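Student: Provided herewith is a single structure, encoded as structure tokens, for subsequent inquiry.
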Amino acid sequence: MSAAPATSPSRSRDGTAASLLNDEERTRIRAKSAQFAPPPAALPDGRRDLVGLSREELTDILVEIGEKPFRTKQLWHWIYHQGATDFSRMSSIARPLQEKLAERFVIGRPGVVTEQTSQDSTRKFLFRFRDGQEAETVYIPDRQEDRGAVCISSQVGCTLSCTFCHTGTQALVRNLGAAEIVGQFMAARDSYGEWPSPKGETPRLLSTIVLMGMGEPLYNYDNVAKAMRIIMDGEGIGLSRRRITLSTSGVVPMMDQCGAELGINLAVSLHAVRDDLRDEIVPLNRKYPIREVIAACRRYPAASNARRITFEYIMLRGINDSEADARELVRLISGIPAKVNLIPFNPWPGSSYRPSTREQLDRFAKIVMDAGFASPIRMPRGRDILAACGQLRTESQRLRRAAGQPDAAPGPQDAGS
Ligand code: SF4
């Protein structure tokens, strides 16, 4: 993690200069992200994966093999509405073309290494991608209704090293590609048999997406944005932007871009209300301090009373859970359409943090709620299968080692952000 720059984008008093600096910062972030690019979405025999291509890219490769652009619409429907993985199922496409497509392309899914269902019905998938790298995805059913959220990973490992997060102890290996991000959702749907994509009022089991799995999604913005555009496309999976939430530790310049381009919901991993403490537990704060993160939330275009920004706040006993902390939190977010998710800490071996007591959690929640912000205490889900917040991936690796199985091939070390 590099030290904070002398002048960071929103510290400038001049609006134009600030946006120029933000552009520079975005260019720098993208260049860094490119060093962790995923491998090409193709098989060793040269067949290319159609999942993860934009409509324009799909049209281009169809035209390259001598097909008419209107085939894009047909294929898109089969891939993303029907969930077909086999060209021979595509009954609106003549057999010779089915065979031609099968010779050149595949409709891929990540491999399922393990699929575990918790006593509380949370289901966790460990997926393996073509280069052997792995990531976890969790389906969290709603307790009251017949629907739920799919928690998707955006990177293998994470560069940010938040000190309360077990996932963050694994160095960043690489970014996930658009095919791998969309593929997690599609493979979860395969598991629940939820094809074709429910339309209109038809209830959806996998009804929301939270980009809260492994990794910082805004450090892999281009792949995440492409994947979300595919998922939001009304002729395919058709999930509304209102049903997608991206969780960030506060990559300020990319928060602006995400809001302007995707308009999806935003969650911010705040976890502390003073810079000295947040510098320690969310080290990205040294680069984008609290006031810049909060300012980016205030200008986030998709936020409204109907679509509140979620502030995630992990409750660490004696560290960030005092009543003074709660009052400062309320002051910081005052005027933002927001809710605060209070997350009881999940202890893990090697961590010195302890969870807040129930009484302290309740006291904290009451102060926030009395100030007019919803402040649900998020009870951990899928604890018995290690699917709770911050437990992803690292534990899977440890168990695989214990079972004498090799880990996925090591990747490049974290170059910091
Ligand atoms: S909390 Fe999120 S951003 Fe922080 S280390 Fe864990 S996975 Fe990375």
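Bear in mind these aren't lab numbers, they're just calculated from the coordinates by the rules spelled out. Keep in mind that this is a model prediction, so the values were computed, not measured. Positions of Cβ are generated from backbone atoms using ideal geometry, with glycine treated the same way; all protein chains shown enter the neighbour counts.
Student: Along the charge dipole of the chain, which of 29, 223, 248 sits closest to the positive end, that is, farthest toward it, with unit charges on the beta carbon of Lys, Arg, Asp and Glu (+1, +1, -1, -1)?
Tutor: 248
Student: When the dipole is taken about the Cα centre of region 149-247, and only Lys, Arg (+1) and Asp, Glu (-1) are charged at their Cβ, what size is it in debye, to the nearest 20?
Tutor: Here the size comes out at about 160 debye.
Student: Now for a separate question. Take the alpha-carbon positions of region 135-259, form their convex hull, and give its projected area averaged over all directions (one quarter of the hull surface) in nm².
Tutor: Mean projected area of the Cα convex hull: 8.0 nm².
Student: If packing is taken as the average count of other Cβ atoms within 10 Å, what order do 336-345, 148-157 fall into, highest mean first?
Tutor: Packing proxy ranking, top to bottom: 148-157, 336-345.
Student: Stokes-Einstein D for region 175-223 at 25 °C, 0.890 mPa s, Kirkwood Rh over Cα pairs, in µm²/s?
Tutor: Taking Rh from Cα pairs, D becomes 200 µm²/s.
Student: At 0.36 nm per residue, and after removing the present C-alpha to C-alpha distance, how many nm does the segment from residue 142 to residue 235 gain when stretched out fully?
Tutor: 30.9 nm
Student: Give me P(r) over region 203-359, computed from all C-alpha to C-alpha distances, binned every 10 Å, as integer percentages.
Tutor: 10, 38, 34, 16, 2, 0
Student: Turning to a different aspect of this structure: Rounded to a whole number, what is D in µm²/s for region 30-74 from Stokes-Einstein with the Kirkwood radius over alpha-carbon pairs (37 °C, 0.692 mPa s)?
Tutor: 268
Student: Also, quick follow-up: Along each of the three principal axes of the Cα atoms of region 248-327, give the extent in whole Å, ordering the values from largest to smallest.
Tutor: So the extents along the principal axes, rounded to whole Å, are 39, 27, 15.
Student: Treat every Asp and Glu Cβ in region 212-365 as -1 and every Lys and Arg Cβ as +1, leave all other atoms uncharged, and give the resulting dipole magnitude about the Cα centre to the nearest 20 debye.
Tutor: That gives a dipole near 360 debye.
Student: Hey, what's the Cα Rg ratio for region 207-286 versus the globular rule of thumb, 2.2 N^0.38 Å?
Tutor: 1.18
Student: Further question on the same structure: Just tell me, in residue order, which DSSP H segments of the chain are both 20 angstrom or longer along the helix axis (alpha-carbon based) and at least -1.0 in mean Kyte-Doolittle hydropathy.
Tutor: 15-34, 178-192
Student: While we're looking at this one, here's another question. Give me the one-decimal nm value for the distance between modelled label points at residue 32 and residue 298, 7 Å along each residue's Cα-to-Cβ direction.
Tutor: Output for this residue pair reads 2.5 nm.
Student: Across all directions of projection, what mean area in square nanometres is found for the Cα convex hull of the chain?
Tutor: That works out to 21.2 nm².
Student: Once you have all Cα-Cα distances for region 290-375, histogram them in 10 Å bins from zero and send the whole-percent values.
Tutor: That works out to 17, 46, 28, 8, 0, in percent per bin.
Student: Looking only at the chain, where both bridge partners belong to it, what percent of the DSSP beta bridges are antiparallel (to the nearest 5)?
Tutor: Looking only at bridges with both residues in the chain, the antiparallel portion is about 45 percent.
Student: Just name one of 135, 195, 63: the one whose Cα is farthest towards the positive end of the charge dipole of the chain (beta-carbon charges, Lys/Arg +1, Asp/Glu -1).
Tutor: Positive-most Cα among the choices belongs to 195.
Student: Where the only charges are on Cβ atoms (+1 Lys, Arg; -1 Asp, Glu), what is the dipole of the chain about its Cα centre, to the nearest 20 debye?
Tutor: I would put it at about 400 debye.
Student: Count charges around residue 318 for me, please; just the other residues with Cβ under 12 Å from its Cβ, Lys/Arg as +1, Asp/Glu as -1.
Tutor: With Lys, Arg at +1 and Asp, Glu at -1, the net is 0.
Student: Can you check how the C-alpha radius of gyration of region 82-212 compares to 2.2 N^0.38 Å, as a plain ratio?
Tutor: This ratio for region 82-212 stands at 1.21.
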